[in-house]
Amino acid sequence: MADQLIDSFGRVHNNLRVSVTDRCNLRCTYCMPEEVTFMDRGEMLTFEEITRVVGVAVPLGIDKIRLTGGEPLMRRDLPRLVEMLSQVDGIRDIGLTTNGILLADQAQALYDAGLRRINISIDTLDPARFRQLVRRDGLDKVLDGIMAAKRAGFEPIKINAVSIRGVTETEVVPLAQFARTHGLELRFIEYMPIGADHWERSKVYFADEILEQLEKNVAPLVPADNYDPRAPAMEFQYTDGGGRIGIIASISRPFCMSCNRVRLTADGKLRNCLFALDEIDLKSMLRSGAADSQITDAIRRNVRDKWEGHEINTSRFTKPLRTMHAIGG
Ligand code: SAM
């Protein structure tokens, strides 16, 4: 396709992650500081603005959207955005990543609006540990949210757990058993240097260690039928038929060379990498009467300038100024 978004390393981009707010009802230690100044609501792109950007991106090959934040369910009327995006011709897949706190109330409306794929973040099933990690209570609400998503018919439902040394060791087996019992796909994400806390490599509980625990204590695993060594998540399935697990090994097995993502922040900045140091200000363009062709050029420029990789494992790594909640995870 002549118009595809291809960067200078030949990577084709079809995946746009859209952050709909930087606000959050949790304060996960690995993601954001306790004290935080959120952006003014007027700074956030309206649903119409987001839909316009998506509509302009589709002819460039974007066909997959993930809504995220902050906590996306804190954005009022989110199902309306889902409905607007699902009507954009050429969008074949809309997903959502949520902490689940508000999901019990919204799952059905989101499903009815056209959302089918949902990732729910939960790092532990222990209420005290939960409070320690996210600095708030609410584990019961997240669990209610997961059950509401099941009742609404979401498929697949994936559970995201950040993998942090000193935390995750004790959580791997209970989370895996919980996921197997409820027919959910569990995904561990290696802890990345994008939060407010001081990060170092030794704080990451690595993919290999997770796999070893699962094989020893849950059931043997084999690469999933559709295992794709270039995909962000390494996917495995239990040999006893008890479901699948995924590991996003951003640190021990970076997948930058197969990255197909571009990001739009809640305040309308385009980023070609979670760890990008530069952004393109689409919001100013949208609000000053830019033509679609100018927005197209900006998206192309952003992808063209994408660097080779996040450099986390090198001395060249520079942490972005914004933390995860303000970029969109
Ligand atoms: N609030 C929503 C949620 O909790 O799923 C969406 C935004 S959150 C930033 C998206 C994902 O990023 C969550 O699964 C979260 O656990 C993950 N995340 C946040 N900080 C991270 C970090 N430093 N390393 C790895 N994953 C992180």
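Observations, loosely collected:
- Toward the positive end of the charge dipole of the stretch 19-64, with +1 on the Cβ of Lys and Arg and -1 on the Cβ of Asp and Glu, the farthest Cα among Ala57, Cys24, Leu45 is that of Ala57.
- For the chain, the alpha carbon convex hull comes to 128 Å³ per residue, rounded to a whole number.
- Exceeding the 28 Å Cα-Cα cut-off - candidates Lys216/Lys319; Lys158/Lys203; Lys64/Lys269: Lys216/Lys319
- Loop sites in the stretch 229-329: chymotrypsin sites (Phe, Trp or Tyr not before Pro), DSSP, at most 13 other Cβ within 10 Å: Phe317
- Here is the list for the stretch 222-317: trypsin sites (Lys or Arg not before Pro) lying in DSSP coil, each with at most 11 other C-beta atoms within 10 angstrom of its C-beta, are Arg230, Arg316.
- Cysteines not pairable in the chain (beta carbon separation under 4.7 Å absent): Cys24, Cys256, Cys259, Cys273
- Where the stretch 18-83 is the region considered: accessible area per residue in Å², 1.4 Å probe: 37
- For the stretch 160-222, the mean projected area of the C-alpha convex hull, equal to one quarter of the hull surface, is 4.6 nm².
- About its Cα centre, the dipole of the stretch 135-194 is roughly 100 debye, where the only charges are +1 on Lys and Arg Cβ and -1 on Asp and Glu Cβ.
- Counting only DSSP H runs of at least 4 residues, each contributing -39500 (n - 2.57), and dividing by the residue count of the chain, the helix-based mean residue ellipticity at 222 nm comes to -8500 deg cm²/dmol.
The values are calculated or read from the model by the stated rules, or taken from the named source; none is laboratory data. These numbers come from a predicted model, not from an experiment. No Cβ is skipped: glycine too gets one built from the backbone with ideal geometry, and neighbour counts run over all protein chains shown. The area values use the complete protein model at the heavy-atom level, side chains included, leaving out ligands, DNA and RNA. Shrake-Rupley method; radii C 1.70, N 1.55, O 1.52, S 1.80 Å.
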